[in-house]
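Peer 1: Let me begin by handing over the structure; questions about it come next.
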């Protein structure tokens, strides 16, 4: 059954006049009469009693009116649902991030704006390490992965990675630390003999290896006092005086009692990578667009 037949039927049922209905529909009367007759033939029942003087609904026609309206309403809803899904305004979005991800202003702003502008999208957030995120992305369990790393992740077929943030590093330490009151910013050589608190290697996104290599190049082995399994634990141990750590500069916006930050004087940058399948879902494209809009906005935090 053509939905157009239902629209024509309802228009005639509302006007009770083929001429007025045809004018309202923007067609001539003979094709309208032909379409109504075609609908009646398909249903095997008369919907209208017609005379030269009047038109009225049959009993079957009266019962058919609410059903036709409901069918058209459902069809229009289905069409609008498909259009919303195509624009990424409906559906689901699964985003993975490392434990420090929500503390990055760009990511926090992007999540807030996406939820405000796409309220019908079911947003699922998963805190995972870099390797776990990439594996989930490869398996189809994530639409977007947000991972930190000095270098891009190893290339994978049909997976796209793009750097969305590149920033300097800072040293976080408890107030009164030996490196806190020096005139010059700490350099790699200054960490010789200094206890460090770092992420556990699987969560370090390659930073640990890079940092260790720089320490060895400077002639010493780093003193790793503790390895943390989360961002909160990392900062908590620093605040408790267990050692210093190195963080992306955007994270110095976090103000903890007794924790101070100093710029790291070393040729090393923290990068945040946006990773997704080449065939990105509509909701994923919408989220990526939000991030790009914020990055282009000079007033947005990055």
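Peer 1: Any residue that is under 44 Å from the mean Cα position of the chain (by Cα), under 21 Å from residue 76 (Cβ atoms) and assigned to a helix (DSSP H, G or I) - is there at least one of those in the stretch 18-34?
Peer 2: Yes, some residue in the stretch 18-34 is under 44 Å from the mean Cα position of the chain (by Cα), under 21 Å from residue 76 (Cβ atoms) and assigned to a helix (DSSP H, G or I).
Peer 1: Does the stretch 73-84 contain at least one residue that is touching a residue at least 40 places away in the same chain (Cβ under 8 Å) and in contact with a helix residue (DSSP H, G or I) (Cβ under 8 Å, 6 or more places away or on another chain)?
Peer 2: Initial filter on the stretch 73-84 (touching a residue at least 40 places away in the same chain (Cβ under 8 Å)): 75.
Filter once more, so that each one left must be in contact with a helix residue (DSSP H, G or I) (Cβ under 8 Å, 6 or more places away or on another chain): 75.
Yes, the stretch 73-84 contains at least one residue that is touching a residue at least 40 places away in the same chain (Cβ under 8 Å) and in contact with a helix residue (DSSP H, G or I) (Cβ under 8 Å, 6 or more places away or on another chain).
Listed here are the residues, each with its yes/no results for (1) loosely packed, with under 12 Cβ neighbours inside 10 Å; (2) under 21 Å from residue 142 (Cβ atoms); (3) outside the structural domain of residue 135 (by TED's automatic domain parsing).
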{"residue": "26", "(1), (2), (3)": "yes, no, yes"}
{"residue": "41", "(1), (2), (3)": "yes, no, yes"}
{"residue": "50", "(1), (2), (3)": "no, no, yes"}
{"residue": "56", "(1), (2), (3)": "no, no, yes"}
{"residue": "102", "(1), (2), (3)": "no, yes, no"}
{"residue": "106", "(1), (2), (3)": "no, yes, no"}
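Peer 1: Can you tell which of 52, 99 is at negative phi, part of a loop (DSSP other than H, G, I, E, B) and in contact (Cβ under 8 Å) with a residue 24 or more places away in the chain?
Peer 2: On the way: 52 fails: in contact (Cβ under 8 Å) with a residue 24 or more places away in the chain.
Exactly one residue qualifies, and that residue is 99.
Peer 1: Quickly run through the stretch 79-107 and pick out the residues that are modelled with pLDDT of 85 or more and under 18 Å from residue 234 (Cβ atoms).
Peer 2: Hits for the stretch 79-107 are 97, 104, 107.
Peer 1: Okay, next question. Could you check the stretch 251-267 and list, in sequence order, the residues that are touching a residue at least 40 places away in the same chain (Cβ under 8 Å), surrounded by fewer than 15 Cβ atoms within 10 Å (Cβ to Cβ) and within 32 Å of the chain's Cα centre (by Cα)?
Peer 2: 253, 254, 263
Peer 1: Restricting attention to the stretch 122-157, which residues are crowded, with 21+ Cβ neighbours inside 10 Å and closer than 17 Å to residue 285 by Cα?
Peer 2: 137, 142, 143, 144, 145, 146
Peer 1: Can we say residue 178 is under 30 Å from the mean Cα position of the chain (by Cα) and either buried (at least 16 other Cβ atoms within 10 Å of the Cβ) or outside any strand (DSSP E or B) (or both)? Step through it out loud before you land on a result.
Peer 2: Details: under 30 Å from the mean Cα position of the chain (by Cα): no; either buried (at least 16 other Cβ atoms within 10 Å of the Cβ) or outside any strand (DSSP E or B) (or both): yes.
Considered against the rule, which asks whether it is under 30 Å from the mean Cα position of the chain (by Cα) and either buried (at least 16 other Cβ atoms within 10 Å of the Cβ) or outside any strand (DSSP E or B) (or both), residue 178 comes out as no.
Peer 1: Among the numbered criteria (1) outside any strand (DSSP E or B); (2) within 22 Å of residue 207 (Cα to Cα); (3) out of contact with any helix residue (DSSP H, G or I) (no Cβ under 7 Å at 6 or more places or on another chain), which single criterion is violated by residue 251?
Peer 2: Every listed condition holds for residue 251 apart from (3).
Peer 1: For residues that are in contact with a helix residue (DSSP H, G or I) (Cβ under 6 Å, 6 or more places away or on another chain) and outside any loop (DSSP other than H, G, I, E, B), scanning just the stretch 109-145, find the one that is nearest to residue 249 (Cα to Cα).
Peer 2: Restricting to residues being in contact with a helix residue (DSSP H, G or I) (Cβ under 6 Å, 6 or more places away or on another chain) and outside any loop (DSSP other than H, G, I, E, B), the top hit is 109.
Peer 1: Check 34, 74 and return the single one that is over 30 Å from residue 124 (Cβ atoms) and surrounded by fewer than 17 Cβ atoms within 10 Å (Cβ to Cβ).
Peer 2: Being over 30 Å from residue 124 (Cβ atoms) and surrounded by fewer than 17 Cβ atoms within 10 Å (Cβ to Cβ) holds for just one of 34, 74, which is 34.
Peer 1: Let me ask you something else. Does residue 75 count as at pLDDT below 90 and in a helix (DSSP H, G or I)?
Peer 2: yes
Peer 1: When residue 97 is evaluated against the numbered criteria (1) buried (at least 18 other Cβ atoms within 10 Å of the Cβ); (2) in contact with a strand residue (DSSP E or B) (Cβ under 8 Å, 6 or more places away or on another chain); (3) farther than 24 Å from residue 283 by Cβ, which criterion, by number, is the only one it fails?
Peer 2: (3)
Peer 1: I've got another one for you. Checking the conditions here, which among 225, 279 is surrounded by fewer than 18 Cβ atoms within 10 Å (Cβ to Cβ) and either touching a helix residue (DSSP H, G or I) at 6+ places or on another chain (Cβ under 6 Å) or assigned to a loop (DSSP other than H, G, I, E, B) (or both)?
Peer 2: Of the residues listed, the single one that is surrounded by fewer than 18 Cβ atoms within 10 Å (Cβ to Cβ) and either touching a helix residue (DSSP H, G or I) at 6+ places or on another chain (Cβ under 6 Å) or assigned to a loop (DSSP other than H, G, I, E, B) (or both) is 279.
Peer 1: Hey, another quick one. Would you pick out the residues in the stretch 228-250 that are modelled with pLDDT under 90 and either surrounded by fewer than 20 Cβ atoms within 10 Å (Cβ to Cβ) or over 18 Å from residue 169 (Cβ atoms) (or both)?
Peer 2: Residues satisfying the conditions are 229, 230, 232, 233, 249.
The values are calculated or read from the model by the stated rules, or taken from the named source; none is laboratory data. Everything numeric in this text was worked out from a predicted model, so none of it was measured. With ideal geometry, Cβ positions are generated from the backbone for all residues, glycine too; neighbour counts draw on all protein chains shown.
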